[in-house]
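Below is one structure, written out as structure tokens; the observations come after it.
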Amino acid sequence: DAMRWLAERGGARFGAVNAFGCNAAMWVVQGGAGLDACRYVRSLGVTFRLLNANGHSAVHKAAQRGRRDVCAWLLGRGGGDDGDDGDADAIVENDAPESEAEAEAAWARALVGSAHLAPDNEGFTPADHARLAGDARLAAWLRARQREASARERARFVECDGINDSNNDETRVTAVARGDESRGGNDSGDRRVRDASGVETTYPPATFYGAASVGDVHLLDEILDTDPYHVNQDNGTGAPLHFAVTYGRVDAVRALLAGGTRSAVNVNQRSKAGGFGLTPLHLAATLFRKRRVAAAARADLDAAEAELASEASVDLTSLAKEEAKKEEAKKAKADEKAARKAARKVAHRRAAAARKVLATHGAGADEAGRMYRLLLQSGADPRAVATVPSPGGSGTRLRVVPADLAGDDLLAAAEIAALESEATESVPEPFPRADAGDWSADLARPVARSNKAYDVDSSLESRQSTNANDDAVRTEVGADDRATTEVDAAAVDPRDADRVEALFFDAAREAGSAGEVPARVDVPGVPGAFLLRRVMGKRACAALVDVVESMQPTRVGDMVTRHDSAGEGRGEKMAPRRESAAERVLRVGDDVELFDLLVTDPLALVPATDGVDGEAFVPVEPVRWQVSPAALAAVAERCRPSLPETVEGSGEPLARAGSEFATSLRCYRYLPGTASLPHYDKSTTDAETGAFSAYTVVVYLNGDEHGGGVTSFFEPVRSQAVDDLNDATSASRSSKRGLTWAVGGGTAPLYKIVARVKGGTGDALFFPHGGPPGAGRNPLHEGSPVTGKIPKYILRTDLMFGRD
């Protein structure tokens, strides 16, 4: 109670350090108030990482007094923040070795590191002090922790002479700047072997970093438990800690640093982005300069909302008033109503713009002091040097420590100086290895948890076990194919209507020669979606592959690809047909714009085409192929018995026989290393007949041959953290054009995959798409990356509805 009164009402400087280099933490670990008092001092932001004038740490002090409970708490083994002190005696007396996972989780919670277990100025370690205090068992336990901490830090962190001095910082920054994996850096021809191209995840990288951006540690932990990410993973725009700091999520940062994901977070990890070498503390410093921006945005928002809430009429200009006098009263009233409506529209725009600023350029402004203190308390190094672009855009870079990034606000500078003075004698956490953020086999599991529960596999092996008669059917089909199929092996000219019609007719006849109707398999987790098996025959599909290939602007053999040891290729880098401003910054490497995005809205820099390892897959674009209605009539006739008769909700019937499929085909060739962005399909309307599309149709032309390339479906993930936020942050909404998920600008794309469909050769996938009234739910989906050496070929069309 005395401590609370002094800190909360008496105005005491709870972070002050006395002449001997001791702060409140040094004293509380020795007293008899128990762990509740220790936890309270920690909650104030007081660091437990100081070394005083004698070289003593808080562990030395606790060991001197034989405080087993405090020693265990400081080293992450007991006395959690939930108030459960555990049994310190049992912890210290236990001889059973910890598992690797248990040890990692404990060090993630620990408040100190190996430097705090080292000898003091007289050569005594905490274990020695415990022995001198008469507690041999505590001494043995502390020696074991000392060996464990030293071995762990040798393996995980940068070795250097001294304690994170600025000379070593310069070496590390240079190493980061030269890394070719950083966003916006120069591309190198000698890229590391990609070992993640075939790894399937439930959560995309945008959701992984989005969870940190909105401060949802529970979701982040779920992702880490499900998919092969790791908590310090940096795909080129920073680790989760960098994202949480940038958006001012103090509670999430505290949880991450306290081991909320059961893995130790590197508080001094340098972001790979741009080779700037920014640590979380550099990003926390930028929160101070956001204060002015946030204050101006709040004023704009308050004014706009006040205007919208006002019932007063909008004043017309003198000219408008004069005109109103000349016109009839009705016209004047209409003009006034229009002016009011226009003014409200402007006010809505002002409010929306202000909210966006608060969610990006103003995010975290109110938490600047708390965030900076929290990071210092956790071992952040205020002397870490980064290199950032000069404000004038001259192409030069400036060497800065965190405090240099707080802007020109004198009050902010004084606040930072005061915070850093509290931690002057604190021992910062070591800097992690330069590759600490890489996705790699030693830091992330090589395969994700099995997704069989929501996979729909139509590969050859799957179909062999579908029904008891399948083998007999396949034998008959094979014999009939050899005897009667008349598909011409020569390439069909896609402009030759007669040959195209004959090709699709043969495709339907080949598949249906045994008399079976295509088997329908509903897709779990995607309402209205289903797969029809063997819609078209394999030989005809092979001929259609040739047609699709002949229509491509480049041939497979002409494409410049790089292959790794597993034979997986990478497409050429090129400017996509559609790209966001953030994607352009990454592609052209604009240092100034890149830095601005990193300190305001880094989530906008996470491409939708990123794989789990941060390598971006090349997006594909279709080639259009207009065919006649007669060309698709035979395939439609084969499918019709399994198709929905009406659009659910509207009652509009399936288009008449022969007109079920849209005749504008989109022909896709997915080369290895390519994918389609997560996107929504949109409805189209036939201008002549009035028929509209309500289902997407995907025909797999070589599904039995290529690796990867599944069609993946997403659903939004509910985040309590987003619900609790009072700013403009939102989650899981579509972009302005409604074609893909929105990212950045206050929006985090929180999605997970709920179904994967692997269509076999000749199979067709059907699923609803949005647009017309009463149409089914429009699922977000993607063509997942193709692996191996063989391209994937598909035809894409629409299922039409409506009366002629």
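For the range 386-408, give me each residue that is open to solvent by less than 40 Å² (accessible area, probe 1.4 Å) and either over 30 Å from Ala149 (Cβ atoms) or free of Cβ contacts under 8 Å to residues at least 60 places away in the same chain (or both).
Selection gives Thr387, Val388, Pro389, Ser390, Val400, Leu405, Ala406.
Check whether at least one residue in the range 644-663 is outside any strand (DSSP E or B), open to solvent by less than 20 Å² (accessible area, probe 1.4 Å) and under 30 Å from Gly236 (Cα atoms), and report yes or no.
No; the residues of the range 644-663 include none that is outside any strand (DSSP E or B), open to solvent by less than 20 Å² (accessible area, probe 1.4 Å) and under 30 Å from Gly236 (Cα atoms).
Can you pull out the residues in the range 755-778 that are open to solvent by less than 10 Å² (accessible area, probe 1.4 Å) and at pLDDT below 90?
His769
For residues that are part of a helix (DSSP H, G or I) and under 19 Å from the mean Cα position of the chain (by Cα), scanning just the range 252-282, find the one that is surrounded by the most Cβ atoms within 10 Å (Cβ to Cβ).
It comes out as Pro280.
Keeping to the range 100-117, report how many residues are open to solvent by 30 Å² or more (accessible area, probe 1.4 Å) and over 30 Å from the mean Cα position of the chain (by Cα).
Going through the range 100-117 one residue at a time, the tally reaches 1.
Within the range 38-56, which residues are modelled with pLDDT of 90 or more, touching a helix residue (DSSP H, G or I) at 6+ places or on another chain (Cβ under 7 Å) and surrounded by fewer than 19 Cβ atoms within 10 Å (Cβ to Cβ)?
Once the filter is applied, which keeps residues that are modelled with pLDDT of 90 or more, touching a helix residue (DSSP H, G or I) at 6+ places or on another chain (Cβ under 7 Å) and surrounded by fewer than 19 Cβ atoms within 10 Å (Cβ to Cβ), the range 38-56 yields only Tyr40.
Answer yes or no as to whether Glu637 is in contact (Cβ under 8 Å) with a residue 12 or more places away in the chain, part of a loop (DSSP other than H, G, I, E, B) and of a type outside the set (S, T, N, Q).
Judged against the criteria, Glu637 is not a match.
I need a count of the residues in the range 611-626 that are open to solvent by less than 20 Å² (accessible area, probe 1.4 Å) and either assigned to a helix (DSSP H, G or I) or out of contact with any Phe, Trp or Tyr (no Cβ under 8 Å at 6 or more places or on another chain) (or both).
Residues meeting the conditions: 3.
Which is within 19 Å of Ser271 (Cα to Cα) and either surrounded by fewer than 20 Cβ atoms within 10 Å (Cβ to Cβ) or free of Cβ contacts under 8 Å to residues at least 40 places away in the same chain (or both), of Arg370, Arg383?
Among Arg370, Arg383, only Arg383 is within 19 Å of Ser271 (Cα to Cα) and either surrounded by fewer than 20 Cβ atoms within 10 Å (Cβ to Cβ) or free of Cβ contacts under 8 Å to residues at least 40 places away in the same chain (or both).
Can you tell me how many residues in the range 664-709 are open to solvent by 30 Å² or more (accessible area, probe 1.4 Å), outside any strand (DSSP E or B) and either in contact (Cβ under 8 Å) with a residue 24 or more places away in the chain or of a type in the set (Gly, Ala, Ser) (or both)?
Here the count works out to 10.
So, of the residues in the range 511-526 that are within 23 Å of Val757 (Cβ to Cβ) and over 35 Å from the mean Cα position of the chain (by Cα), which turns out to be surrounded by the fewest Cβ atoms within 10 Å (Cβ to Cβ)?
Among those that are within 23 Å of Val757 (Cβ to Cβ) and over 35 Å from the mean Cα position of the chain (by Cα), it is Val517.
Residues in the range 12-21: is at least one under 28 Å from Ala151 (Cα atoms) and crowded, with 19+ Cβ neighbours inside 10 Å?
Kept after step one, since they are under 28 Å from Ala151 (Cα atoms), are these residues of the range 12-21: none.
Looking through the range 12-21, none of the residues is under 28 Å from Ala151 (Cα atoms) and crowded, with 19+ Cβ neighbours inside 10 Å.
Against the definition (of a type in the set (A, V, I, L, M, F, W, C), surrounded by 16 or more Cβ atoms within 10 Å (Cβ to Cβ) and within 18 Å of Gly113 (Cβ to Cβ)), how does Val59 come out, yes or no?
Considered against the rule, which asks whether it is of a type in the set (A, V, I, L, M, F, W, C), surrounded by 16 or more Cβ atoms within 10 Å (Cβ to Cβ) and within 18 Å of Gly113 (Cβ to Cβ), Val59 comes out as yes.
Of all helices (runs of 4 or more DSSP H) completely enclosed by the range 1-66, which ones contain at least 3 residues that are not hydrophobic (A, V, I, L, M, F, W, C)?
Result: 35-43, 58-64.
Considering only the range 355-411, state which residues are modelled with pLDDT of 90 or more, assigned to a loop (DSSP other than H, G, I, E, B) and not β-branched (Val, Ile, Thr).
Ser378, Gly379, Ala380, Asp381, Pro382, Arg383, Ala384
Restricting attention to the range 720-732, does a residue exist that is modelled with pLDDT under 70, in a strand (DSSP E or B) and not acidic (Asp, Glu)? Walk me through how you get there before you give the answer.
Step one: of the range 720-732, the residues modelled with pLDDT under 70 are 723-732.
Still in the running and in a strand (DSSP E or B): 730-731.
Filter once more, keeping what is not acidic (Asp, Glu): 730-731.
Among the residues of the range 720-732, at least one is modelled with pLDDT under 70, in a strand (DSSP E or B) and not acidic (Asp, Glu), which makes the answer yes.
The values are calculated or read from the model by the stated rules, or taken from the named source; none is laboratory data. Computed from a predicted structure; not experimentally measured. Methodologically, a virtual Cβ is constructed for each residue, glycine included, from the backbone with ideal geometry; neighbour enumeration extends over all protein chains shown. Only protein heavy atoms, including side chains, enter the accessible area calculation; ligands, DNA and RNA are left aside. Shrake-Rupley method; radii C 1.70, N 1.55, O 1.52, S 1.80 Å.
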